[in-house]
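A.B. asks: The following block contains the structure, expressed as structure tokens.
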Amino acid sequence: EVQLVESGGGLVRPGGSLRLSCAASGFTFSTYGVTWVRQAPGKGLEWVSSISSTSLYIYYAESLKGRFTISRDNAKNSLYLQMNSLRAEDTAVYFCARQQGGADTELDYWGQGTLVTVSS
Amino acid sequence: QSVLTQPPSASGTPGQRVTISCSGSSSNIASNYVYWYQQLPGMAPKLLIYRNNERPSGVPDRFSGSKSGTSASLAISGLRSEDEADYYCASWDDSLSGQVFGTGTKVTVL
């Protein structure tokens, strides 16, 4: 069974940093691209970043470039999102999702999400 | 802000057919596949439609997708109470080099 489990969320002050993790199981992680999507409270889905299976191709939402960094460790079946200079508007549930193919393909499995709250 | 536009709400009685539209542009829907996701209250999104009109295994054939030009649609026929959820369209945007999601549509079963 495909499983994606996010962790690392929590309360952080504005300007602070946080590193999210996503542990994958039930499939050969090293052969799939993965994506982060976030959802602010009561709002819609927003694509954050995608990374290919070998980390060769990385994409970011324009508004997040320079503050967020996506990475993966295929030996640990894990995906990461390093978030720096956090702002109140970064408050959201962050989901990791598996891409069926390249970054332009469907997200066929999703984790349950981890909540990030940016507040003083 | 979302690049793809959806109506904020749609509703119907059990058994009815409901259609949700998704409006985009030449850089996304017109030149790439459209995907649809269903998000039940308090849950993670779930893939409902891929490659414009394909259903993953386990998704009832009551759900169907279509695409024409810069727009796409999701139809739910034989509406059921368990279909109450938020629905999002998505596509790749060539200009932004990223995925874009629709604004989302809340479906209510009356």
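The values are calculated or read from the model by the stated rules, or taken from the named source; none is laboratory data. Remember, it's a predicted structure, so these values are computed and weren't measured experimentally. Cβ: placed from backbone, ideal geometry, glycine included. Neighbour counts: every protein chain shown.
A.B. asks: Restrict the check to the range B:31-48 and report whether at least one residue is without any contact (Cβ under 8 Å) to a residue 12 or more places away in the chain, within 9 Å of chain A (Cβ to nearest Cβ) and over 21 Å from A:W110 (Cα atoms). It would help to see each step written out before you state the result.
C.D. replies: Residues of the range B:31-48 that are without any contact (Cβ under 8 Å) to a residue 12 or more places away in the chain, as a first pass: B:42-44, B:46.
With the extra rule that they be within 9 Å of chain A (Cβ to nearest Cβ), the set shrinks to B:43-44, B:46.
Add one more test, that the residue is over 21 Å from A:W110 (Cα atoms), and what stays is none.
No, every residue in the range B:31-48 fails to be without any contact (Cβ under 8 Å) to a residue 12 or more places away in the chain, within 9 Å of chain A (Cβ to nearest Cβ) and over 21 Å from A:W110 (Cα atoms).
A.B. asks: Within the range B:3-54, considering only strands (runs of 3 or more DSSP E) that don't extend past its boundaries, which have at least 3 residues that are farther than 18 Å from B:S77 by Cα and of a type in the set (S, T, Y)? Walk me through how you get there before you give the answer.
C.D. replies: Working: elements: B:9-12, B:18-23, B:34-39, B:46-49.
Answer list for the range B:3-54: none.
A.B. asks: Sticking with this one: Within the range B:68-91, which residues are small (G, A, S), outside any loop (DSSP other than H, G, I, E, B) and touching a residue at least 60 places away in the same chain (Cβ under 8 Å)? Outline the logic, then answer.
C.D. replies: Residues of the range B:68-91 that are small (G, A, S), as a first pass: B:68-69, B:71-73, B:75, B:77-78, B:81, B:85, B:90-91.
Cutting the leftovers down to outside any loop (DSSP other than H, G, I, E, B) gives us B:68, B:71-73, B:75, B:81, B:85, B:90-91.
Within the range B:68-91, B:S81, B:A90, B:S91 meet the criteria.
A.B. asks: Continuing with this model, one more query. State whether one or more residues within the range B:99-108 are within 13 Å of chain A (Cβ to nearest Cβ), charged (D, E, K, R), in contact with a Pro (Cβ under 8 Å, 6 or more places away or on another chain) and surrounded by fewer than 21 Cβ atoms within 10 Å (Cβ to Cβ). Give the derivation first.
C.D. replies: Here is the first cut: in the range B:99-108, the ones within 13 Å of chain A (Cβ to nearest Cβ) are B:99-106.
Checking the rest, the ones that are also charged (D, E, K, R) come to B:106.
From the residues that got through so far, the ones that are in contact with a Pro (Cβ under 8 Å, 6 or more places away or on another chain) too are B:106.
In the following step, the residues that additionally are surrounded by fewer than 21 Cβ atoms within 10 Å (Cβ to Cβ) were identified as B:106.
Among the residues of the range B:99-108, at least one is within 13 Å of chain A (Cβ to nearest Cβ), charged (D, E, K, R), in contact with a Pro (Cβ under 8 Å, 6 or more places away or on another chain) and surrounded by fewer than 21 Cβ atoms within 10 Å (Cβ to Cβ), which makes the answer yes.
A.B. asks: Please find, among A:S30, A:S78, A:S7, the residue that is touching a helix residue (DSSP H, G or I) at 6+ places or on another chain (Cβ under 7 Å), farther than 19 Å from B:Q99 by Cβ and small (G, A, S).
C.D. replies: Values: A:S78 fails: touching a helix residue (DSSP H, G or I) at 6+ places or on another chain (Cβ under 7 Å); A:S7 fails: touching a helix residue (DSSP H, G or I) at 6+ places or on another chain (Cβ under 7 Å).
A:S30 is the lone residue from the list that is touching a helix residue (DSSP H, G or I) at 6+ places or on another chain (Cβ under 7 Å), farther than 19 Å from B:Q99 by Cβ and small (G, A, S).
A.B. asks: Counting just the residues of the range A:68-120 that are of a type in the set (D, E, K, R) and surrounded by 21 or more Cβ atoms within 10 Å (Cβ to Cβ), which one comes out modelled with the lowest pLDDT? Talk me through it step by step, then tell me what you get.
C.D. replies: Here is the first cut: in the range A:68-120, the ones of a type in the set (D, E, K, R) are A:72-73, A:76, A:87, A:89-90, A:98, A:104, A:106, A:108.
The next check asks that each one be surrounded by 21 or more Cβ atoms within 10 Å (Cβ to Cβ); those that pass are A:72, A:90, A:98, A:106.
Values: A:R72: 98, A:D90: 98, A:R98: 98, A:E106: 94.
Going through the qualifying residues, I end up with A:E106.
A.B. asks: If you go through the range A:58-67 one residue at a time, how many are exposed (fewer than 13 other Cβ atoms within 10 Å of the Cβ) and either more than 12 Å from chain B (Cβ to nearest Cβ) or of a type in the set (A, V, I, L, M) (or both)?
C.D. replies: Start the filter on the range A:58-67 by keeping residues that are exposed (fewer than 13 other Cβ atoms within 10 Å of the Cβ), which leaves A:62-63, A:65-66.
From what's left, either more than 12 Å from chain B (Cβ to nearest Cβ) or of a type in the set (A, V, I, L, M) (or both): A:66.
Here the count works out to 1.
A.B. asks: Answer with yes or no whether B:S73 is surrounded by 15 or more Cβ atoms within 10 Å (Cβ to Cβ) and either within 25 Å of A:A103 (Cα to Cα) or at the interface with chain A (Cβ under 10 Å from one of its Cβ atoms) (or both). Break it down stepwise before answering.
C.D. replies: Values: surrounded by 15 or more Cβ atoms within 10 Å (Cβ to Cβ): yes; either within 25 Å of A:A103 (Cα to Cα) or at the interface with chain A (Cβ under 10 Å from one of its Cβ atoms) (or both): yes.
Taking the combined requirement at face value, the residue satisfies it.
A.B. asks: When you go through A:E89, A:E106 one by one, which is the residue that is free of Cβ contacts under 8 Å to residues at least 60 places away in the same chain, out of contact with any Ser or Thr (no Cβ under 9 Å at 6 or more places or on another chain) and within 10 Å of another protein chain (Cβ to nearest Cβ)?
C.D. replies: Details: A:E89 fails: within 10 Å of another protein chain (Cβ to nearest Cβ).
One residue alone meets the criteria, A:E106.
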